[in-house]
Amino acid sequence: MTISYSLADFNQALASLPNDCTTGFVPTMGALHQGHISLVKQALTRTNTVVVSIFVNPTQFNNPNDLAKYPRSVEEDCRLLEEAGASLVFVPGIEDIYPNPDNRIFDLGGLDSNGEGPKRPGHFNGVAQVVTRLFDIVKPACAFFGEKDFQQLAIIRHFTKEMGYPVEIIACPTLREEDGLAMSSRNLLLTSEHRAAAPAIFNALSAAREKTAQILHKESPRKQDDITPDGIIREATASIEKSGLLKVEYIEIVNSLNLKLINNWDEAEGIQMCTAVHAGEVRLIDNIKLK
Ligand code: PAF
């Protein structure tokens with residue numbers, strides 16, 4: 001495995017790959033966990049060369065404190081990547097990614113109008129800046145993203161297609177700890193008290209999925225006493241906040257294609273429930289497919 005700490009070195013490493021190799025790309029911000037490793041493994045089933053980038057992208061952080069606190073562990077990350085079978089690791093400096101300030105504003109197709117969009121202004125534009133820059137450098141055949149960042153995945157699919165990048169976007173399932181907490185680099189920042197409370201998020205999402213399944217299996221039209229999406233949101237909020245340690249920032253039930261809020265169960269083919277929750281100083285996100 002080759003590790004490049006500059007664009008010049010990385011370009012050299014790319015150029016020395018055999019002509020017939022297809023490149024699978026896993027962009028990351030480091031502090032890798034088994035969720036990231038599962039993306040690398042998925043990439044290895046489809047391509048013969050897996051490139052991983054490690055870059056904590058400042059333009060996607062709307063909160064400077066969050067950027068400063070973001071966990072960093074490049075040495076351990078590289079050890080895990082070598083073990084997983086990655087071929088090239090790109091650890092660029094800021095000057096490699098942004099030689100000049102990036103003022104590009106992206107068309108995100110309105111997919112940022114709910115969920116994380118209004119809560120983290122500029123976040124998805126920053127993601128688009130770094131991902132397009134990395135696509136231009138790495139020129140992968142396919143790129144792998146986790147479904148935990150459901151809205152990010154939809155937005156990346158959107159601009160990749162709109163801008164005509166010949167990159168296949170592959171969605172990979174969320175990996176969870178044994179108690180259901182979605183794997184995330186931010187979990188490292190949880191206090192033991194908040195870590196113990198955090199599985200309530202997935203428990204509430206799972207309960208919502210079960211309840212929705214019961215409603216959806218009934219005959220249409222829906223009955224007066226059927227619980228509405230709003231009712232499901234109220235129940236999930238109460239259950240997450242029961243311990244007094246977690247605070248729901250939002251729970252939304254959306255059309256999985258256009259990410260618009262839905263008001264009744266028959267409004268969309270695919271329905272996703274998405275949430276952001278504060279566990280002390282740490283902000284966790286998660287989502288589940290309801291339909
Ligand atoms: O999901 C992430 O880790 C980041 O948003 C990404 C896609 C690597 C861009 O910085």
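Of the cross-linked pairs K139/K289; K161/K211; K69/K148; K41/K260; K218/K242, which ones have a Cα-Cα span greater than 28 Å in the structure shown?
Numbers: K139/K289 31 Å; K161/K211 35 Å; K69/K148 21 Å; K41/K260 33 Å; K218/K242 30 Å.
Beyond 28 Å: K139/K289; K161/K211; K41/K260; K218/K242.
Between Y98 and Y250, how high is the FRET efficiency from 1/(1 + (r/R0)^6) when r is the Cβ-Cβ distance and R₀ = 25 Å? Nearest 0.05.
Given R0 = 25 Å and the Cβ-Cβ separation, E is 0.25.
With every protein chain left in place, what is the accessible area per residue of the chain in square angstrom, probe 1.4 Å? Please list the in-between numbers first.
Details: 13950 Å² over 291 residues.
Result: 48 Å² per residue.
Percent of Cα-Cα pairs more than 23 Å apart in region 178-291, please.
Values: 1920 of 6441 pairs.
Percent of Cα pairs beyond 23 Å in region 178-291: 30.
Using a probe of 1.4 angstrom, how much of the accessible area of the chain is carbon and sulfur, in percent?
Carbon and sulfur together cover 51 percent of it.
Which value in nm describes the separation of the simple spin-label points at R79 and S113, placed 7 Å from the Cα toward the beta carbon?
Once both label points are built, they end up 4.8 nm from each other.
Could you go through region 47-56 in sequence order and give the Karplus-derived ³J(HN,Hα) for each residue, using 6.51 cos²θ - 1.76 cosθ + 1.60 with θ = phi - 60°, rounded to whole Hz, and x for Gly and Pro?
9, 9, 9, 10, 9, 10, 9, 10, 7, 7
State to the nearest 20 debye the size of the charge dipole of region 58-171 about its Cα centre, where the only charges are +1 on K and R beta carbons and -1 on D and E beta carbons.
Numbers: 11 positive and 17 negative charges, 58 e Å.
About 280 debye.
How far, in nm, would the chain grow between N263 and N48 when pulled straight, counting 0.36 nm per residue and subtracting the alpha carbon separation? Don't jump to the answer; show the numbers that get you there.
Values: separation 215, 0.36 × 215 = 77.40 nm, distance 4.50 nm.
Result: 72.9 nm gained on full extension.
Using +1 on the beta carbon of Lys and Arg, -1 on that of Asp and Glu, and nothing else charged, what's the dipole of the chain about the Cα centre, debye to 20? Write down the numbers at each step before the final one.
Details: 28 positive and 37 negative charges, 64 e Å.
With only Lys, Arg, Asp and Glu charged at Cβ, the dipole is about 300 debye.
Under a cut-off of 17 Å between alpha-carbon atoms, report the aspartates and glutamates in cross-link reach of K291, not counting same-chain residues fewer than 8 places apart.
Once the sequence-local aspartates and glutamates are set aside, what remains near K291 is E147, E210, E219, D226, D230, E252, D266, E267, E269.
Which residues' amide hydrogens lie under 5 Å from the amide hydrogen of G30, considering only partners 5 or more residues apart or on another chain, with H built in the peptide plane?
Under 5 Å from the amide H of G30: F55.
Tell me, in nm to one decimal, what length is gained between A238 and K289 on full extension, where the rule is 0.36 nm per residue of separation less the Cα-Cα distance?
16.4 nm
Each residue of region 207-217 in order: what ³J(HN,Hα) in whole Hz does its phi give by Karplus 6.51 cos²θ - 1.76 cosθ + 1.60, θ = phi - 60°, with x for Gly and Pro?
Going residue by residue, I get 4, 5, 5, 5, 5, 5, 4, 4, 5, 5, 7 Hz, with x marking Gly and Pro.
Can you show me the helix-derived [θ] at 222 nm for the chain, built from DSSP H runs with n ≥ 4 at -39,500 (n - 2.57) apiece and divided by the number of residues, rounded to the nearest 500.
On the way: 11 runs with 113 residues, N = 291.
Value at 222 nm, helices only: -11500 deg cm²/dmol.
Using a 7 Å offset from the Cα along the Cα-to-Cβ direction at both D9 and S206, what is the distance between the two label points in nm, to one decimal?
The modelled label-to-label distance comes out at 4.4 nm.
The values are calculated or read from the model by the stated rules, or taken from the named source; none is laboratory data. Just so we're clear, the structure is a prediction, and the values are computed from it rather than from any experiment. Neighbour counts run over all protein chains shown; Cβ positions are idealised from the backbone, glycine included. Side chains included, ligands, DNA and RNA excluded: accessible areas come from the protein's heavy atoms. Shrake-Rupley method; radii C 1.70, N 1.55, O 1.52, S 1.80 Å.
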